[in-house]
Amino acid sequence: MQFQQLQYFVAVAETRHFTRAADLVHVAQPSLSQQIKALERELGADLFLRARGNITLTDAGEALLPLARRILADADTARHEVQELAQLRSGRIRLGATPSLCTGLLPDVLRAFHDRYPGIRLLIEEGGSHDLVRELARGALDLALVVLPLPTPSPALTTVEVLREDLVVVSSPEAPAPGHGRRSVQISDLEGERLVMFRHGYDLRELTVAACRAEGFEPDFAVEGGEMDAVLGFVRAGLGVAVVPRMVATRAGRGLRVTPLARPGLSRTIALAHRSDVAPPRAARELQRMLLER
């Protein structure tokens, strides 16, 4: 019994016509008929009752049909799984992330992924959540790490929460400590402080400004418009203080004073997003697994 013979048999069983079945499997009709007859000889039973213009299954054909479909489906699954594994030896992942996540969360995870799958190219695009959602929607990214809630909720995207991260206040050790040196500060303690602020469209900017306004004051910007590295550099230089994710502050190294925010503080929720209508490539799904299990 040959795999090809089972394909031909299922095609005839579904179309109930030898010529249409031959067209379906892209083979000449005489060749298909010969293979069906060879299969019947192998099995020792007729599979079809052949009447002019009327092809029906025999009892043997009825018994074989679900088994043949299962065999073909299993073979297709096996082929797909092998191809998926092969994809992990080469290919690419297009990953979007906010700049703070590129600084804080991603380096360790991407290093572990690269060590395991060195043949996969990692293409990283930095941007705010709004920009990343747009890039996902148009198919320019496979995955994106975004801040929830999304700026414009989209039913076309699937999101899975990765982590919830506290925000902290960073300042220069050479400058007076915010909150008069207390071990933790309130958002209200930032009133009167000069803030180093991110550019418009940056999730942390919106979060910080909204928190200050909720406390009844407008934040005072010493410098604004920077990305994460620039903001940290300006803080180190003593230009002002900034509100940043704890993970970023931890990785930023020396030259920064880190002061927690007193409860309830501020936090942000990070999620991994992808299009709902298109399954991410195998390599992207493996990166997703590593991010969720980190």
Requested in this report: Please work out if Arg41 is exposed (fewer than 11 other Cβ atoms within 10 Å of the Cβ) and under 30 Å from Leu207 (Cβ atoms).
Outcome: no
Within the stretch 117-165, the residues that are part of a helix (DSSP H, G or I), free of Cβ contacts under 8 Å to residues at least 40 places away in the same chain and open to solvent by 60 Å² or more (accessible area, probe 1.4 Å) are Arg134
Note on Glu215: of the conditions (1) more than 30 Å from Arg94 (Cα to Cα); (2) out of contact with any strand residue (DSSP E or B) (no Cβ under 8 Å at 6 or more places or on another chain); (3) open to solvent by less than 20 Å² (accessible area, probe 1.4 Å), unmet is (3)
Within the stretch 89-100, residues modelled with pLDDT under 90 and either surrounded by fewer than 24 Cβ atoms within 10 Å (Cβ to Cβ) or over 15 Å from the mean Cα position of the chain (by Cα) (or both) come out as Arg89, Ser90, Gly91, Arg92, Pro99, Ser100
Exactly one of Ile55, Ile36 is touching a strand residue (DSSP E or B) at 6+ places or on another chain (Cβ under 6 Å) and either touching a residue at least 12 places away in the same chain (Cβ under 8 Å) or in a helix (DSSP H, G or I) (or both), and that one is Ile55
Just one listed residue, out of Gln7, Gln2, is within 16 Å of Leu65 (Cβ to Cβ), open to solvent by 70 Å² or more (accessible area, probe 1.4 Å) and under 46 Å from the mean Cα position of the chain (by Cα), and it is Gln7
key: Test for Thr208: is it hydroxyl-bearing (Ser, Thr, Tyr) and at pLDDT 90 or above   = yes
> Within the stretch 49-59, is even one residue surrounded by 13 or more Cβ atoms within 10 Å (Cβ to Cβ), among the β-branched types (Val, Ile, Thr), at negative phi and under 46 Å from the mean Cα position of the chain (by Cα)?
Replying inline: no
Counting only helices (runs of 4 or more DSSP H) wholly inside the stretch 188-294, the ones holding at least 1 residues that are among the polar types (S, T, N, Q) are 203-214, 246-251, 282-293
Discussion item. Can you say whether Leu110 is more than 15 Å from the chain's Cα centre (by Cα) and part of a helix (DSSP H, G or I), as far as the supplied structure shows?
Written reply: no
Thr103 - would you say it is among the hydroxyl-bearing types (Ser, Thr, Tyr) and either in contact with a Gly (Cβ under 9 Å, 6 or more places away or on another chain) or at pLDDT 90 or above (or both)? no
Residues of the stretch 243-294 being crowded, with 19+ Cβ neighbours inside 10 Å, under 27 Å from Arg79 (Cα atoms) and in contact with a Ser or Thr (Cβ under 7 Å, 6 or more places away or on another chain), in sequence order, are His274
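The values are calculated or read from the model by the stated rules, or taken from the named source; none is laboratory data. Treat the numbers as computed from the prediction; the structure is a model and nothing was measured. FYI the Cβ positions are ideal-geometry reconstructions off the backbone, even for glycines, and counts take in every protein chain you see. Note: accessible area is taken over every heavy atom of the protein model, side chains too, but ligands, DNA and RNA are not part of it. Shrake-Rupley method; radii C 1.70, N 1.55, O 1.52, S 1.80 Å.
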